[in-house]
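The structure appears right after this line, and notes come after that.
The values are calculated or read from the model by the stated rules, or taken from the named source; none is laboratory data. Model, not experiment: these values are computed from the prediction. Here the Cβ positions follow ideal geometry from the backbone for every residue, glycine too, while neighbour counts run over all protein chains shown. The protein model used for the area step is the full one, side chains on, heavy atoms only, and it has no ligands, DNA or RNA in it. Shrake-Rupley method; radii C 1.70, N 1.55, O 1.52, S 1.80 Å.
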Amino acid sequence: MIEYRTLRIALLGAGTVGAQVAKLLLEGGDELGARVGARLELVGIAVRDLDAKRTVDLPRELLTTDAERLVLGADIVVELLGGIEPAKTLILKALNSGADVITGNKALLAEHGPELFDAAEQVGAQLYYEAAVGAAIPIIRPLRESLAGDRIQRIFGIVNGSTNFILDRMTEHGATKDEAMKLAFELGYLEADPTLDVDGYDAAQKVAILAGLAFHTAVPLSAVYREGIGDVTPEVVERARSLGYVVKLLGICERVTTADGLEGVSARVYPALVPQQHPLTAVHGGNNAVFVQAEAAGDLMFYGAGAGGLQTASAVLGDVVSAARRHIAGGPGVGESTHAKLPLLGIESARTRYLITLRVADEPGVLATIASIFAEQGTSIETVQQTAAAGADAPTASLVIGTHHALEAALAATVEALRASSVVTDVASVLRIEGA
Ligand code: NDP
Ligand code: HSE
């Protein structure tokens, strides 16, 4: 009989994800241990409230409210509390006591990643975070390891499961945003503070993490331009559909070369119109899909469950196995590489396309005036669709104008000039088009 070494695992949190991690560890720990060559022992689970109702029946004797004490005796600490504190302090304590740490906490990584990675490197430990982006989808390890020898140009896709679920329910089932949010909550997709999802913070945190890995540059959350889904009403979804598009909240990061030849990183999150034939429009419910364009590898697509307790637990368990193997093998952990230190560019440097819906006076010369506004700002029009809406005294028309790719700065200036024009009654909506 093989005598395995025992590795002590401390779990912080038994909520949507933590409870599933505990269940998988308790039920399948022996099998995982055999894969690793160690006995994996779940030594305790830190929670706030010992008596809280949980989605999984957990042995009472494992629960504790003393997270600090639990962390100190562990070889591997799994942090699934969420938020900045006490998660940050506990992770630093764990690393400094020699434990490897696994976290799904993108909020913490996007705000304090460099400090945590430094702490891990100082003591030769490792911080694993596969669950922090794309939940069940392996995307961190492919970027960190499989694609480490390539040069990534662009990453874009759907990185927030709950807003994808909400927009999908609005698009496919005609649900209101509130109805869809209630369902997303019941499915465990939303963050403890749902504004993190709907206002685009969660997606921005993930984009910051992906951009850092892809471009070997520390990308703070503040460098990610962010718009949430607050302005996406059923009317916007319907108008998009009538024009052949689906509204998706997208996360994008890419290498951009500015007019003066400077190469930098553009990182952004916003709702955008995606053409109905694009594969992203087939990403339904709480799923995520991330496209990676790399110089040598070409186009890659990563798809799967982007939220949910059990699905996320899969990524966490994968990290547990990696951490356990590293513990057994010994040697220092592998740090993050941020050597490239590329400049971080603002939204104005991005090249995008707009679809602008205007209400204008329906009279001679109006179209020419509108066209001259676009020309003055150097914005090239690709499509124009006019619908007449005749009124008794002042006939008006609805114009839907699609642009070619242009610098965001020029597009924004065009919209500003349209708003100021006397022939424009209303700029009804301005949406970016991506994936066309
Ligand atoms: P939950 O809010 O469902 O669970 C949080 C858990 O942490 C609860 O068990 C809670 O205890 C415990 N907790 C919170 N604060 C403390 C504290 N101060 N001391 C002790 N225990 C505490 O969160 P999730 O499981 O949804 O998310 C956990 C992490 O995983 C987050 O970082 C999230 O961003 C990330 N994540 C979540 C995904 C998802 O689909 N839900 C997907 C990918 C990542 P108690 O139960 O007693 O209140
Ligand atoms: N709230 C997050 C989402 C969970 O909706 O994507 C997964 O990170």
_Semi-axes of the equivalent ellipsoid for the stretch 285-424, please: Cα gyration tensor eigenvalues, times 5, square-rooted, ordered largest first, whole Å._
51, 20, 12
*Sequence-distant or interchain residues sharing an amide H contact under 5 Å with LEU42, placed H: which?*
ILE9
*Using the charge dipole of the chain (Lys, Arg: +1 at Cβ; Asp, Glu: -1 at Cβ; taken about the Cα centre), state which of VAL78, GLN385, GLY15 has its Cα farthest towards the positive end.*
VAL78
*Taking the stretch 40-77, which trypsin sites (Lys or Arg not before Pro) meet the DSSP loop condition and have no more than 11 other C-beta atoms within 10 Å?*
ARG48, LYS53
_Output wanted: per-residue J couplings in Hz (rounded whole) for the stretch 161-169, from phi through Karplus 6.51 cos²θ - 1.76 cosθ + 1.60, θ = phi - 60°, x for Gly and Pro._
x, 5, 6, 5, 4, 5, 5, 5, 5
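State, to one decimal in nm², a quarter of the convex hull surface area for the C-alpha atoms of the stretch 142-217, i.e. the direction-averaged projected area.
Mean shadow area of the hull around the Cα atoms is 6.1 nm².
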_So the label point goes 7 Å from the Cα of VAL56 along Cα→C-beta, right? Which residues of the stretch 90-126 then have their backbone N under 18 Å from it?_
102-105
*Low-density loop cleavage sites - GluC sites (Glu not before Pro) in the stretch 294-355, where at most 13 other Cβ are within 10 Å (DSSP)*: GLU295
*To the nearest 10 Å², what's LEU63's accessible area with a 1.4 Å probe?*
30 Å²
_Counting all C-alpha pairs of the stretch 140-305, share separated by more than 20 Å (%)_ = 51 percent
*Accessible area per residue, 1.4 Å probe, Å², for the stretch 158-243: what's the number?*
41 Å²
_Packing rank of 17-28, 362-373, where each peptide gets the mean count of other beta carbons within 10 Å, highest leading_ = 17-28, 362-373
*Could you give the length gained on full extension between ALA409 and ALA340, defined as 0.36 nm per residue of separation minus the Cα-Cα distance, in nm?*
22.2 nm
*Evaluate the Debye formula for the stretch 350-433 with equal point scatterers sitting on the alpha carbons, no solvent, and hand back log10 of I(q)/I(0) at q = 0.14, 0.24, 0.25, 0.27 Å⁻¹, in q order, two decimals.*
-0.42, -1.18, -1.27, -1.46
*Ordering LEU42, LEU300 by how much accessible area each has at a 1.4 Å probe, largest first, what is the list?*
LEU300, LEU42
*Karplus couplings for the stretch 272-289 from phi (6.51 cos²θ - 1.76 cosθ + 1.60, θ = phi - 60°), rounded to Hz, Gly and Pro as x?*
9, 8, 10, x, 4, 8, 6, x, 5, 6, 8, 8, 9, x, x, 7, 10, 8
*asked:* Could you work out [θ]222 nm for the chain from helices alone, using -39500 (n - 2.57) per DSSP H run of at least four and dividing by all its residues? Round to the nearest 500 deg cm²/dmol.
replied: -11000 deg cm²/dmol
_Solvent-accessible surface (1.4 angstrom probe) belonging to TYR201, in square angstrom, nearest 10_ = 80 Å²
*Give me the Debye-computed log₁₀ of I(q)/I(0) at q = 0.06, 0.07, 0.09, 0.10 Å⁻¹ for the chain, equal point scatterers on Cα only, no solvent, two decimals.*
-0.30, -0.40, -0.62, -0.73
